[in-house]
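See below for the structure under consideration.
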Amino acid sequence: MAENGIIAEGLRVVGEIRGRGILRVEGVVDGAIRFDGTVIIGKGGLVEGNVEADRLRIEGRLVGNGRAREILETGPDACVDGDLEAPLVHLDPLAAVTGEVLGKEASPRAPRSVLRSRSSQPGSVRRAIPEPKMPVMLRAKGMRRSIA
């Protein structure tokens with residue numbers, strides 16, 4: 001039986017979380033999350049650790065790697081410092097991702113200038129590779145600033 005859970009704003013959980021169903025993080029998790037089902041990191045949420053789930057949606061901040069067995073999505077306010085991997089990856093153009101993005105299919109919403117295929121065969125793995133000497137992008141209060 002699937003269960004739903006929420007880590008509300010103002011709560012801090014330290015340690016590994018395991019479970020099934022739907023987990024929404026609006027507070028802080030300091031540790032890994034391993035879930036059979038869906039994990040949603042809300043706009044106010046912060047996860048400092050690796051996340052593994054069937055479906056992963058990142059709207060807040062993830063400091064660690066994210067791995068989804070089915071689909072991984074980012075919202076426009078997502079900030080990821082780590083690698084992302086899933087068979088199907090949807091990256092919002094405004095999401096800030098520092099790390100590699102690995103997926104079998106790239107979303108039409110993903111910026112095409114950043115996606116390069118390792119091979120031309122169908123089903124090949126794609127990687128998001130930043131352009132050489134690309135400035136670091138920071139987002140503060142909905143604005144994007146570039147620093148060299």
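Read-outs throughout are calculated quantities, based only on the coordinates presented, and are distinct from any laboratory measurement. It should be emphasised that the depicted structure is a prediction, and the values quoted were computed from it without experimental measurement. Reconstructed Cβ throughout: ideal geometry from the backbone, glycine too, with neighbour counts over all protein chains shown.
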Summed over the other residues with a beta carbon less than 11 angstrom from that of residue 28, with K and R at +1 and D and E at -1, the charge totals -2
Applying the gyration tensor rule to the Cα atoms of the range 50-99 (axes a ≥ b ≥ c; rounded if a/c under 1.5, else prolate if a/b exceeds b/c, else oblate), the class is oblate
What number, in percent, do you get for the relative contact order of the range 1-56 if the mean sequence gap of Cα pairs under 8 Å and at least 6 apart is divided by its residue count? 31 percent
Give me the number: length gained by fully extending residue 12 to residue 88, i.e. 0.36 nm times residue separation minus the C-alpha to C-alpha distance, one decimal in nm. 24.3 nm
Mean separation of Cα contacts under 8 Å (6+ apart) over length of the range 27-76, as relative contact order %: 33 percent
At 7 Å along Cα-to-Cβ for each site, give me the label-to-label distance between residue 20 and residue 43 in nm. 3.3 nm
FRET efficiency for residue 36 and residue 98, Cβ-Cβ distance as r, R0 = 35 Å, nearest 0.05? 0.80
